[in-house]
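K.L.:
Sending over a structure as structure tokens; questions will come in a sec.
The values are calculated or read from the model by the stated rules, or taken from the named source; none is laboratory data. Nothing here was measured: the structure is a model prediction, and the numbers come from that model. Here the Cβ positions follow ideal geometry from the backbone for every residue, glycine too, while neighbour counts run over all protein chains shown. Each accessible area value is taken on the protein alone, full model and side chains, heavy atoms only, with ligands, DNA and RNA left out. Shrake-Rupley method; radii C 1.70, N 1.55, O 1.52, S 1.80 Å.
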Amino acid sequence: MRRKLIAGNWKMNCLKADGLALAKAVFDKTNGTLPFDVLICPPMSLLGQVAAMPHQIGVGAQDVAVAPKANGAFTGDVSAEMVKDLGASHTIVGHSERRAMHHETDEIVRTKAERAIGAGLIPVICVGETLAEREAGQAIAVVTKQIRGSVPASATAENCVIAYEPVWAIGTGKVPTTADVAEIHGAVRAELAKVLGSDIADQMRILYGGSVKPANAKELLSVSDVDGALIGGASLKIEDFWAIAETQF
Ligand code: 13P
């Protein structure tokens, strides 16, 4: 039985006052027993302070360094070990914004996921096709290739999460049909079975991300093989983030 994971990716948002207030609001909502898991990923600037606040949910980074060492001459980078040392439990890797803007290849994403697992963090490995790729009928081919290239051999259902985020649905208000989501999530799980074996693939959580809102969350989260949501814009308002989570009670 896969427990749903409701995850917020704050991206490059929130100065200190707003970010700490938002974290506190999420922590207040989640201080009891819940029938699902919750994760928030604040910007690196606030990660240490947020992780130091009392909380019962996951707190993650949005990226970790690809560098081969935990310390060293890698100006501007923050290693997985450093993120873990701040008190984080997870990190996003391979978000499409990093793949596009920072030219991250599958090999870089896989290496980051390995570093995260090695440091005791759970990577949330993101995959997803562009609009041009979807319109060319290539969505499944693109996403399964990303899975083959980005998921390390050390991944298990306990130490790794996948997020399918169609690039064209991120921040646009557009969402794929539930049939399309089911098709891709099924293809992702089938590919994970080829790479990691069916026991691991059956238990690994595959999140959907891209314009998840209170109005569409219940439907998207009820699609087969959808094990949670990775939420961008709507994770920045506690009312919206919690309205999405509340669909899972
Ligand atoms: P939006 O929810 O703003 O579309 O962002 C999705 C996303 O990129 C989460 O990682």
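K.L.:
If I ask for residues that are open to solvent by 60 Å² or more (accessible area, probe 1.4 Å) and closer than 25 Å to H95 by Cα, which ones from the stretch 22-47 would you list?
P.N.:
From the stretch 22-47, those open to solvent by 60 Å² or more (accessible area, probe 1.4 Å) are 24, 28-29, 31, 33, 35, 44-45; that's our starting set.
Within the stretch 22-47, M44, S45 meet the criteria.
K.L.:
For the stretch 84-112, name all the residues that are more than 16 Å from the ligand (Cβ to nearest atom) and either out of contact with any helix residue (DSSP H, G or I) (no Cβ under 7 Å at 6 or more places or on another chain) or assigned to a loop (DSSP other than H, G, I, E, B) (or both). Give the derivation first.
P.N.:
We begin by selecting, within the stretch 84-112, every residue more than 16 Å from the ligand (Cβ to nearest atom); these are 84-89, 103, 105-108, 110-111.
Listed by number, the residues that qualify are K84, D85, L86, G87, A88, S89, H103, T105, I108, T111.
K.L.:
Step by step: first the residues of the stretch 113-124, then only those that are crowded, with 24+ Cβ neighbours inside 10 Å and either within 14 Å of the ligand (Cβ to nearest atom) or of a type in the set (G, A, S) (or both), then the one that is nearest to G8 (Cα to Cα). Which residue is that?
P.N.:
The residue in question is V124.
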